[in-house]
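Novice: Quick one: the structure is below, and I'll ask about it shortly.
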Amino acid sequence: MPKPHVLVIDDSATVRYLFAEIIENYDVRLTEAASAEDGLRILSQDKVDLLFLDIHLPGLDGLELLRELRKTDKSHACKVVMISSDRDQAAVDLATSIGADDYLPKHVSVGRILDMLQKHLGLKA
């Protein structure tokens, strides 16, 4: 059985590094992208099981990428967790209405990221 594929799309190298440090302890395949455009290319070429997606990205933003993903049948199998430093409930509600499965603030504890891995991939801590 193939390893679950986790994709982190965030323009912050620090955020991508944090997620990589946490996720590397699990039996998953991790891919990172610094832009929505790079992430979209990865998503079009490979099956992704869980996507951590920044809402605010330069160029194509995370909400626009989420809209594109939810237009295709292939992407519906991919769980999407939106991440943002913006704690605006309206942005969270909009992401949920577009099809996000969950939301994490960027300044989040390791435990919350692990909770997302368990909840959406069934991985145990």
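We did not get these values from a lab; they are worked out from the coordinates using the rules stated. What you see is a predicted model; the values in this text were computed from it and never measured. So basically every Cβ, Gly included, is an ideal-geometry build from the backbone, and we count neighbours across all protein chains shown.
Novice: For the pair ARG67/ASN25, report the inter-label distance in nm, with labels modelled 7 Å from Cα in the Cβ direction.
Specialist: Taking the simple label geometry, ARG67 and ASN25 are separated by 3.9 nm.
Novice: Considering just Cα atoms, how many Å³ per residue does the convex hull of the chain enclose? Write down the numbers at each step before the final one.
Specialist: Values: hull volume 12.0 nm³, N = 125.
Cα convex hull per residue, to the nearest whole number: 96 Å³.
Novice: How many nm separate the modelled label positions at ASP46 and LYS3, each set 7 Å beyond the Cα in the direction of the Cβ?
Specialist: Simple spin-label model gives 1.0 nm for this pair.
Novice: Which is farthest toward the positive dipole end of the stretch 5-121 among SER85, THR14, LEU121, measuring Cα position about the Cα centre, with Cβ charges +1 (Lys, Arg) and -1 (Asp, Glu)?
Specialist: Most positive-ward Cα: LEU121.
Novice: Additional query: When you count, for each residue, the other Cβ atoms within 10 Å and take the mean per peptide, how do 83-89, 45-51 rank with the highest first? Mind dumping the intermediate values first?
Specialist: On the way: 83-89: 14.7, 45-51: 17.6.
Those peptides, ordered most packed to least, come out 45-51, 83-89.
Novice: For the stretch 19-120, which GluC sites (Glu not before Pro) pass both filters: DSSP loop (anything but H, G, I, E, B) and at most 15 other C-beta atoms within 10 Å?
Specialist: Details: sites: GLU21, GLU24, GLU32, GLU37, GLU64, GLU68; in loops: GLU24.
Here the sparse-neighbourhood loop sites are GLU24.
Novice: Stretch ALA90-ARG112 to full length: gain in nm at 0.36 nm per residue minus the Cα-Cα span?
Specialist: On the way: separation 22, 0.36 × 22 = 7.92 nm, distance 2.11 nm.
Here the segment from ALA90 to ARG112 would lengthen by 5.8 nm.
Novice: Add +1 for every Lys or Arg and -1 for every Asp or Glu among the other residues with Cβ under 11 Å from the Cβ of VAL81, and state the total.
Specialist: Overall, the nearby charge balance is -1.
Novice: Next question, about the same structure. For the chain, how many pairs of lysine residues have a Cα-Cα distance under 17 Å, where the two are 8 or more positions apart or belong to different chains?
Specialist: The number of close lysine pairs in the chain is 9.
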